[in-house]
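Input: a single structure, listed below in structure tokens.
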Amino acid sequence: MADKKISLKIAIDGEAEFKQQLQSINSQLKTLGTESKKLDAIYADNANSYEALSAKVNMLGERYELVGEKVATLKSALSAADAALEKHKSETDELYAAQMRAQDAYDSAAVKTDELKKALDSANTAYARNQENIQYVERRIQTYTQQLNSAEAEQANLSRELGKTRTYLDEAADSADKTATSIDRYGREIKDAGEDTKEFGKAAEVLAQAIVASGAVQGAEKLRDTIVDT
């Protein structure tokens with residue numbers, strides 16, 4: 001068990017630093033999530049105001065920057081893990097050959113000395129540790145890949161939301177009353193669609209039209225079809 005713990009610590013160069021960076025980023029993202037909920041509560045009655053939208057843009061910008069750091073960190077961690085896997089696999093044949101030589105020397109010796117036994121044990125341990133490292137790194141690669149895919153998806157969603165909110169902010173800045181009225185219009189269209197019919201297809205059609213009108217998303221027909229099929 002002790003050998004396994006040692007092997008895991010050296011399996012990937014810089015892994016401790018990557019973990020520390022990711023923990024710090026996740027902690028900051030959690031804090032931003034709490035602050036975002038507070039902002040939603042503060043501006044619940046005037047979410048389309050310039051002040052509310054400005055605060056939301058700042059919050060989304062901070063989150064987008066942090067998620068970008070997370071993506072970069074995960075890419076670096078994945079790259080280090082790939083390099084480690086290649087290194088450990090390249091050592092396999094050499095360690096196996098050393099293990100076989102030690103075993104042959106021990107088996108053929110007339111006297112089984114402590115020195116021969118130690119050499120055999122050392123060769124066996126080195127080979128076993130190498131195999132543990134390979135298995136561990138393969139698991140880490142899978143984990144890093146999943147986390148990276150999730151972070152990149154979040155990054156893309158934040159980019160769209162940030163762009164949409166900036167559009168509303170510009171609208172509020174140019175309006176006489178410093179509000180983005182298209183937000184209210186968008187909300188009313190969705191609400192009216194739900195009240196007028198219980199058919200998902202109708203609600204999806206109005207939703208798609210509202211989204212296309214606001215320039216937020218392409219492919220409204222795909223959205224409609226997806227909801228109708230559910």
- Message: If I model a spin label at Asp114 and Asp13 as a point 7 Å from the Cα along the Cα→Cβ vector, what separation in nanometres do I get?
- Response: 3.7 nm
- Task: Multiply the residue separation of Lys89 and Glu51 by 0.36 nm, subtract the distance between their alpha-carbon atoms, and state the gained length in nm to one decimal.
- Result: 8.0 nm
- Item | Rough spin-label spacing in nm, given labels placed 7 Å along Cα→Cβ, for Lys178 and Gln20 | 4.5 nm
- Task: Tell me the label-point distance for the pair Ser79, Gln131, using the 7 Å Cα-to-Cβ offset, in nm and rounded to one decimal.
- Result: 3.3 nm
- Heavy-atom accessible surface of segment 17-131: percent carbon and sulfur, 1.4 Å: 50 percent
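The values are calculated or read from the model by the stated rules, or taken from the named source; none is laboratory data. Please read all numbers here as calculations on a predicted model, not as lab measurements. Using ideal geometry, Cβ is built from the backbone for each residue, glycine included, and neighbour counts are taken over all protein chains shown. For the accessible areas, the whole protein counts, side chains as well, though only heavy atoms, and no ligand, DNA or RNA atoms are used. Shrake-Rupley method; radii C 1.70, N 1.55, O 1.52, S 1.80 Å.
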